[in-house]
Amino acid sequence: MKKHIADFVIAEKKTIGSSYFTLLLKSPEALPEILPGQFVEVQVPDNKEVFLRRPISIHDVDYAANTMTLLVQVVGKGTRTLSQLAEGRTLNLVYPLGNGFSIDGQKPLLVGGGAGIAPLLYTAKKYSEKGIRPAILLGGRTAELIPVKEEFRPYGEVFFATEDGSLGEKGLVTQHTAFGKSYDSILTCGPTPMMKAVARHALKNGIRCQVSLENTMACGVGACLCCVTKTDHGHRCVCKDGPVFNVENMKEWAN
Amino acid sequence: MKKHIADFVIAEKKTIGSSYFTLLLKSPEALPEILPGQFVEVQVPDNKEVFLRRPISIHDVDYAANTMTLLVQVVGKGTRTLSQLAEGRTLNLVYPLGNGFSIDGQKPLLVGGGAGIAPLLYTAKKYSEKGIRPAILLGGRTAELIPVKEEFRPYGEVFFATEDGSLGEKGLVTQHTAFGKSYDSILTCGPTPMMKAVARHALKNGIRCQVSLENTMACGVGACLCCVTKTDHGHRCVCKDGPVFNVENMKEWAN
Amino acid sequence: MLEVKIHNLSLKNPVLTASGTFGYGEEFADFIDLSRLGGIIVKGTTGSHREGNAYPRMAETPSGMLNAVGLQNAGVDVFCQKTYPRICDIDTNIIVNVSGSSIEEYCETAAKIDALDKIPAIELNISCPNVKKGGMGFGTDPKMAAQVVGEVRKVYHKTLIVKLTPNVTSIADIAKAVEEAGADSVSLINTILGMAVDVERRRPVLSTITGGLSGPAVKPVAVRMVWQVAKAVKIPVIGLGGIASANDALEFLMAGATAVQIGTANFLDPTVTVKVVDGLQDYLNRHNIKDIHDIIGII
Amino acid sequence: MLEVKIHNLSLKNPVLTASGTFGYGEEFADFIDLSRLGGIIVKGTTGSHREGNAYPRMAETPSGMLNAVGLQNAGVDVFCQKTYPRICDIDTNIIVNVSGSSIEEYCETAAKIDALDKIPAIELNISCPNVKKGGMGFGTDPKMAAQVVGEVRKVYHKTLIVKLTPNVTSIADIAKAVEEAGADSVSLINTILGMAVDVERRRPVLSTITGGLSGPAVKPVAVRMVWQVAKAVKIPVIGLGGIASANDALEFLMAGATAVQIGTANFLDPTVTVKVVDGLQDYLNRHNIKDIHDIIGII
């Protein structure tokens, strides 16, 4: 897939709760095909302390409007600066990057935690385009830390797990009743401990499972080898060979 | 005089011709006493390539409104960034810095060239407060490169010299008929060759003369010793011992 | 006229890509026309497969970054059999960065690359700060540096560029030593050894504790060293370290570099290399300079 | 508890100002309460008056600056007679940075400062990159460094801090040499030798061609060297190089520095020093750390 570098305009910025925000980015040109689970490398303006681009996963795509939505959690100076940009500002992106999820299985489960929920909306849409309604299990410490909820309903059955019980079942996603049901494919993105628990469950039960990793990156295109993760076949770039990995190749990582 | 560090708001920004602009900066607090010829060190926001503050001379002061006006020429990345800031933005200043002009003589001449005209408006006002109307001689390559003109009229008799004759007499300020008249004090700021010519004239004719220099600076308070100029008594800091120097101590520099 | 020569090697312009920052070129083919580059210096290649260091390997610093990749690569045989056929027809100079932990490894690898028709030069990396054995060790001592270069010179017959480390008291002495040992050119600077601390976690950011600093932050140090080395040796100097614009490249050329490499800036703007090529031509036009050589080493 | 000791010298907190960036303290008295600082290291002082280098002496670089002041100062006698009486009652440690071009000059100057009651320590600058004779020359060779320090040790009886240059292959070796020669503490890093070119004028920006690089750009190099030196010597290490925030200071402390110096950041924010002091206390409170010593050298 061809990678692009282009300027987008911030058409809309929405704050979600205390730590999340979305950027609706409009391109002057038609968007290339974008796969679910792919990400962009955003150039962060204004902040003298931010040197590198920031990798941010693609939350939603609207080909008709030539827009992409990014769902971002403020975790450092880069994301904080992005959260402070005014609508109308231009953002330079390198995109679409990474391999993305493969939309397989007839009875899929999507498991998202916190900011890791971002890539799952566009993924759920892709399933629904194939006439498949995935089970969607979203978790967070509190309801407020689950940035998007209702948006998922059109595309599948949505379940929630919160550690404080403020939404859905109390506990971790892996303790949710929906998690134990039978699936033929699991796609997950979120905190590493959560993804590892999901991966171990999938491996134990022989369910195909894809995990989406979030290592710190420099180049985003597989040139600098800074963002590697251990796989059963050695170091692989999260930016190029990932961010999505089949747990079949991540047994060591999962344990 | 006590130095301050404070945030100002850009109350108004005006573009003048193709290379100049003014910033009207408002302070939330009452301004301290500011001498004509003093300058500020401005922190330049947004631009990742600008590291140090930029020294900019004070063009005008309004104690009643708690405002200062800076007249700036776009000469590099720092001044370009300042020229692009929106009204309402906050600017952090260290001020007032330097020694400033002494308002002496009964028949003074103010000679300004290009951006060097900036500190002379507030200086002319100070003379008028003493009931003295200085002769004001302003020069530039073309009329467009003389950023302020009419603003001076209330405070003295204004003469213009342009190299292309587009305003006032054709030629250099030192060739202007008004320049040859008799004065008991000359204050000048502008391009170094111009100031040196003015200084030599003053020294030859025994007229007290103050020149305001514009070396590149770091600290602005006499700590780093980066902005020194040669004087007849050795290196002196333009930021602290200057920017205004009596040509009596600059004979070597003037030649 | 932007064409320059590094020993027998003709470059259509003085802009090369720095090893380890541009992959094998393919990673950037979507963004730029690779044939517009003076050359591509591919990833550090060693005698056998290397996994490199553990993650985290990177830390962002003021106007720069630290890396501790540690020469991860598939090894010279995989390069010759799999990678070389894929990239050898890119219409520019493909130069291989050769690294190792022993003189034998350097020589074996160089000899295998020597056999590849379409690789006109190697860059001998005696300055990698991120491997325990060898690497920078060879580059910080004039005698050892000369020894490695001398041995490689015996088995490698094309243009031999030697990449120097800045982590020394006198880089000019190292440059003179490798020149005498038979280097056709020197490239500098490799990264400066640095370190970053995660103060909330109270531990180093990098798995290796220290790593190599690159980016605009190091440019003044790199320009100084290029100026010192260019005055000390007769062979052409290739300058790198924080170049992100044509003006940056011009600083190195005026300080004495015959060509430059662009590294970290590729991460910020994958099209930066061609912008620098265009910017150099613009500068020559603007100043009515016919030949880039008229400003090389002007200081 | 922010109090630390450098040999016999008690600092109310680990925050000092770096020589040549804070004048004699007076220049910043309008902005901060000087008594809140752990100490003030005043301008480099030599045996006799020095004019320093010609203008231009400064170049802005990415996240840093180059300077080539060249030890401009009125000389030790003027310091003792005019400056000392003016500043000696500031309620903090006033430390004098002693520079020179010969061992004799270092010793004469140190001896004269030794006689000043209210100066509890000197910082021996064997690492100035901007003077032709001596300066950095002494700091790049372990033997010469040890010789200067040994001679000064004979005539100076209070806390002797030695400021080291980063422009060496192994700063740990220099540190060990000066420790053996009698230094009570080492401070590092002095500036890194760098250069900037004005490509429009096609000449160096600085009158001296090269100058010393400082500012956030050099922080990763400084933290690395502090970590290496702290592991190599038993005497306390004072860290400096690009510190502009409490987090920056914490990086140095965790890497092994007992105290830190703030230099170039004073030019960007004349109140930065007290912000760092407050930030360090906030960090201790936030993490329930009683004593700053609990995190010094934690890495």
Would you list C:Y24, C:Y156, C:Y106 from fewest to most Cβ contacts within 10 Å? C:Y24, C:Y156, C:Y106
Cross-chain or 8 or more residues apart, Cα under 20 Å: how many lysine pairs in the range A:4-97 fit that? Count them up, please. 5
On Cα atoms only, tilt of B:118-129 relative to the major axis of chain B in degrees: 70 degrees
Select from the range A:1-90 those trypsin sites (Lys or Arg not before Pro) which occupy a DSSP coil region and have at most 11 other Cβ atoms within 10 Å, ordered by residue number. A:K2
Hey, can you grab everything whose amide H is under 5 Å from the amide H of C:G100? Only 5+ residues off in sequence or another chain; H modelled, so Pro and N-termini drop out. C:G135
So how much slack lies between B:A86 and B:E248, counting 0.36 nm per residue of separation and subtracting their Cα-Cα distance, in nm? 54.0 nm
Show the residues, 5+ positions off or on another chain, whose built amide H is closer than 5 Å to the amide H of A:F159. A:I136, A:L137, A:L138
Just flag the trypsin sites (Lys or Arg not before Pro) in the range A:151-225 sitting in loop per DSSP whose Cβ has no more than 13 other Cβ atoms within 10 Å. A:K181
The answer for the longest stretch of chain A without any exposed GluC sites (Glu not before Pro) (DSSP loop, at most 10 further Cβ atoms within 10 Å) is A:34-255
If labels are modelled 7 Å from Cα along the Cβ direction, C:S207 lies from its partners in the other copies at nm distances, smallest first, of 5.2
For Cα pairs less than 8 Å apart in space and 6+ apart in sequence, what is the mean separation divided by the residue count of chain C, i.e. the relative contact order in percent? 20 percent
Please report, for C:E180, the nm distances (one decimal) from its label point, 7 Å out from Cα along the beta-carbon direction, to the equivalent points in the remaining copies, shortest first. 2.7
So what are the ³J(HN,Hα) numbers for the range D:289-299, from phi and the Karplus equation (6.51, -1.76, 1.60; θ = phi - 60°), rounded to whole Hz, Gly and Pro as x? 9, 6, 10, 3, 4, 5, 10, 5, x, 5, 8
Can you compute the modelled spin-label distance between B:K2 and D:S10, with each label point 7 Å from Cα toward Cβ, in nm? 3.2 nm
Under 15 Å, Cα to Cα: Lys pairs in the range A:108-254, sequence gap 8 or more or different chains: 8
Report ³J(HN,Hα) in whole Hz for each residue of the range C:221-235, in order, from the Karplus equation J = 6.51 cos²θ - 1.76 cosθ + 1.60 where θ = phi - 60°; Gly and Pro get x. 5, 5, 4, 4, 5, 4, 4, 5, 6, 4, 6, 9, 10, 9, 6
Please compute the contact order of chain B in relative form: average sequence separation of alpha-carbon pairs under 8 Å and at least six residues apart, divided by the residue count, as a percent. 17 percent
Search the structure for amide H atoms under 5 Å from the amide H of C:T264, placed 1.01 Å from N in the peptide plane, and list their residues when 5 or more places away or on another chain. C:G215, C:G242
If each K or R counts +1 and each D or E counts -1, the residues other than B:K170 whose Cβ falls under 14 Å of its Cβ total -2
The protein assembly as shown - mean residue ellipticity at 222 nm from DSSP helices (-39,500 (n - 2.57) per run, n ≥ 4, rounded to 500): -6500 deg cm²/dmol
Measuring from the longest principal axis of the C-alpha atoms of chain B, the long axis of helix B:192-204 (C-alpha) lies at a number of degrees, nearest 10, equal to 40 degrees
Please list, in order along the range C:66-83, the HN-Hα scalar couplings obtained from phi with the Karplus expression 6.51 cos²θ - 1.76 cosθ + 1.60 (θ = phi - 60°), rounded to whole Hz, x for Gly and Pro. 9, 10, 9, 5, x, 6, 4, 6, 7, x, 5, 5, 5, 4, 5, 7, 9, 6
Could you work out the relative contact order of the range C:1-111? I mean the mean sequence separation of Cα pairs under 8 Å and 6+ apart, divided by the number of residues, in percent. 28 percent
From the Cα centre of the range D:233-277 to that of the range D:76-101, the distance in Å is 22 Å
Between the alpha carbon centres of the range A:46-84 and the range B:1-36 the gap in Å comes to 35 Å
Separation of alpha-carbon centers, the range D:1-19 and the range B:181-205, rounded to whole Å: 51 Å
Filtering GluC sites (Glu not before Pro) in the range C:108-210 by DSSP loop and by at most 14 other Cβ atoms within 10 Å leaves C:E200
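Read the figures in this text as sums done on the coordinates, not as results from a lab. Quick caveat: nothing in here was measured; it's all calculated off a predicted structure. Quick reminder, even Gly has a Cβ in these numbers, built from the backbone with ideal geometry, and neighbours come from all protein chains shown.
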